[in-house]
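Structure, as structure tokens:
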Amino acid sequence: MNIKKQVYIYSILSLIVIAGCKNDTTPKVETKENSLIKIEDKLNFAELENVDLKGCVGQEINKIIDKRIASDFAANEIATEATKAFEIRMDDKFHEGRGLWQGEFWGKWTLSAIAAYRYTGDQNIKNTIERETKRLIASQDVNGYIGSYENSAFVEGDVWNVWNRKYALWGLVESYELLKNPEILKAAKGMMDQLMGEVGPNSVPMVDTGNFYGLPSSSILTPLVKLYLDTGEKRYLDYAEYIVQNWHSVPDTPPSIVEKGLTGIPVHEWFPEKGKWTKAYEFISCVEGLLDLYQVVGNPDYLTAAKNIYTAIQENERVITGGIGYHDKLVGASHKPSGLNEPCDVVYWERLSAKLLALTGDQSYADEIERLTYNVLLASANMTGDWGVRRLGLNEPHLISPLHAFTNYHQCCVANVPRGLLQLGQVAVMSDKTNDDIYINLYDEGTYKIKLSDGKMVTLKMETDYPKNGEVSIKLITDEPFEGGLVFRQPEWCQKFQMGINGEDELAVDINGNSQIVDRLWKNGDEIKVAMEVFGRIIEIPDENNFKAIMWGPVVLARSSILEGFESLDNPMAINNDIKLSQLPDDKKNSKVWLEFKLDADDGKSYLLCDYASTGKEYEKPTDPTAWQEMIKNRVNTDQRVWLKTVE
């Protein structure tokens, strides 16, 4: 396919938009099996209402939910400030000729809060969502505009106007799906109709809005497709196709996502001056939206391009921790020992991985989710859970998030990480849509209640200290026996993976890629024991012979100033591929870290290493919103080394 030659009919789009503002008939929502979807997911995402995560992941989720979403302070200060941005409309007034992004935080906070409510069932969270959604709708102009800019048409240049509206739309659509209030959907339609009149084929092209060749604005694709699925109104689908078409409107110019994606070329090599357009977070969000659109229109080129892009990012941009790019740009970062990674980029890499996992059933995508969980998501918040970092350094101190855009309580990564953590509950254990297979994708301790294809519920109770060790026990609780497969992901690094059921060690196992499948009649009380060999291993970088890293299963290890002096972190180590690594028991390790190890080097010297996520978590939330632009260089007081200098 030549994407430039696709023809879309827009001659009556403006008339449709105007008519849409007047016609607010709201069809009922089809939330489970929407007839507008042509390409269904293979796997069902687990419902957060039926998940209870324990262990280190569950503890981190509970801590952040409490501080950022569920507390009275969160409801009365954090949430209300996010909504206030739409009431005061100051984002285009702080600087002459420039626009800010206070308006992104209502949608981000709301999306995390919806996930947190579904996970906890806390009625207070739901009440706050409902209250703040009503406040947002009350700010809507007669023409449908909802935004944080006084001038809604200020969409070109160094501005984030459409980006902010993307998150407002997303929050409204998901609030509607939660609260079932038709007034919310009416408001979402009105704001999108108004936006389509300002940005589109008869006005400002999407790729000319904001920064980075329209990537931030274009990422409105995902909530736009959601709006189409909730309304069935074709103008939203037409506009989504317009966005994709507009990516290719100027030859040899970014972003050209489908056309370039079909080639399989690394993203940072698509165009010159890669750092000026390859904004990782927004680019990956556009690819997620492309997959959403693929499922509605069925264009196979969209899927092929998305999968090629995924592989290219995995091979050229994903660093050892699961971080993406360098300093939030796609620049070929995988093969460099330096690294500064934005948690936002990783949350959307996680979302793209989860999307492809659900769509294809390929558990290798869960390998990426596991890696980023233990090394990025668990590293992104401070000890108390009320704040986070804006960059995670591999061989330098992390950068603390400033207060963004003259707000008192908000920053993009701080807003995104809760949703990233909660998504783990949706993908850890999933069910097949067409049969009674259950996919065990992540080995996070917890209880998972899963719906089978016939609607019956099965509970998996998973007990484990993974990845401290590789022992996992899963007990099935079911009212009726069922015939199906349990599909276990064998992690990419795992060389020895064994299973036993009810004390039996000899099992008939089918192997499909990195999936091990046990197919049988399952009964209440069946207990599956999994034993994985978790071990330390050396990771190297091509053409960087003087640096090596060490991983323990999926966990990246680091030298840390928590365990030794700052001055010794760069002392060369005598290590080869046959490393001697021993894990310290809880009563012997430093209380500030989760995992601690003793490494015996070849020259007889010993070193202490800890899990990377435990480094750099001792800092407090900033307090001065007026100093946010000066605070972007603020770093934590600890330091670490992932890429270890070795003796030549």
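FYI, it's all coordinate maths here, none of it is from the lab. What you see is a predicted model, and the numbers here were worked out from it, not measured in a lab. When we count neighbours, we look across all protein chains shown, and the Cβ atoms used for this are built from the backbone with ideal geometry, even at glycine.
Here is the link list: Lys63/Lys329; Lys63/Lys279; Lys307/Lys523; Lys38/Lys226; Lys84/Lys617; Lys475/Lys496. Which ones come out longer than 26 Å on Cα distance?
In this structure, Lys63/Lys329; Lys63/Lys279; Lys307/Lys523; Lys84/Lys617 exceed 26 Å between Cα atoms.
Can you list which of the GluC sites (Glu not before Pro) found in segment 120-203 are DSSP loop residues with at most 13 other C-beta atoms within 10 Å?
Glu150
On a 0 to 90° scale, report how tilted helix 412-427 is relative to the longest principal axis of the chain, with both axes built from alpha carbons and the result rounded to the nearest 10.
Approximately 70 degrees, to the nearest 10.
Starting from the Cα of Lys234, draw a straight line to each of the aspartates and glutamates and keep only those under 16 Å, dropping any in the same chain fewer than 8 residues away.
Partners found: Asp24, Glu30, Asp193, Asp292.
Round to the nearest 0.05 the FRET efficiency obtained for Asn124 and Lys93 when R0 = 35 Å and r is the Cβ-Cβ distance.
0.55
Among 328-341, 381-394, 491-504, what's the highest-first ranking by average C-beta atoms within 10 angstrom per residue?
Listed from highest to lowest mean packing, they are 381-394, 328-341, 491-504.
Just grab the label-to-label distance for Glu49 and Val509, each label 7 Å out from Cα along the Cβ direction, in nm (one decimal).
Roughly 3.6 nm, to one decimal.
Under a crude label model (7 Å from the Cα following the beta-carbon direction), how far is Ile477 from Val297 in nanometres?
4.6
Antiparallel versus total DSSP beta bridges in segment 433-498: what percent is that, nearest 5?
Here the share of antiparallel DSSP bridges comes out near 80 percent.
In degrees, nearest 10, range 0 to 90: what is the angle between the Cα axis of helix 161-179 and the longest Cα principal axis of the chain?
Helix 161-179 sits at roughly 80 degrees to that axis.
What full-extension length gain, to one decimal in nm, is calculated for Phe566 and Lys580 as 0.36 nm per residue of separation minus the Cα-Cα distance?
Values: separation 14, 0.36 × 14 = 5.04 nm, distance 2.37 nm.
2.7 nm is the gain from fully extending Phe566 to Lys580.
What is the magnitude of the charge dipole of the chain about its Cα centre, with +1 placed on the Cβ of each Lys and Arg, -1 on the Cβ of each Asp and Glu, and no other charges, expressed in debye to the nearest 20?
Working: 70 positive and 96 negative charges, 213 e Å.
Roughly 1020 debye, rounded to the nearest 20.
Express the relative contact order of the chain as a whole percentage, based on alpha carbon pairs under 8 Å and six or more residues apart in sequence.
14
Which of Leu399, Ile369, Ser380 sits closest to the plus end of the dipole of segment 357-404, meaning its Cα is farthest towards the positive end, when Lys and Arg get +1 and Asp and Glu get -1 on the C-beta?
Leu399
What is the spin-label model distance, in nm, from Asn181 to Val250 if the labels are put 7 Å beyond Cα along the C-beta direction?
A separation of 4.2 nm, rounded to one decimal place.
Which aspartates and glutamates have a Cα less than 15 Å from the Cα of Lys433, not counting those fewer than 8 places away in the same chain?
Counting by Cα, and skipping residues close in sequence, Lys433 has these aspartates and glutamates nearby: Glu33, Glu40, Asp41, Glu47, Asp362, Asp454, Glu483.
Give me the dipole magnitude in Debye, nearest 20, for segment 343-454 about the Cα centre, with unit charges on the beta carbon: positive for Lys and Arg, negative for Asp and Glu.
Taking the Cα centre of segment 343-454 as origin, the dipole is about 460 debye.
Can you figure out the FRET efficiency of Asn637 with Glu527, using R₀ = 41 Å and their beta-carbon distance, to the nearest 0.05?
Working: r = 46 Å, r/R0 = 1.13.
Step by step, r from the Cβ atoms, then E = 0.35.
Run through the DSSP bridge list for the chain and note the antiparallel percent, rounded to the nearest 5.
95
Among the GluC sites (Glu not before Pro) within segment 200-295, which fall in a DSSP loop and have no more than 12 other Cβ atoms within 10 Å of their own Cβ?
Answer by residue number: Glu273.
Taking R0 as 51 Å, what FRET efficiency do you get between Asp454 and Asn202 from their Cβ-Cβ distance, rounded to the nearest 0.05? Don't skip to the end; give the middle numbers.
On the way: r = 49 Å, r/R0 = 0.97.
Plugging the Cβ-Cβ distance into 1/(1 + (r/R0)^6) gives 0.55.
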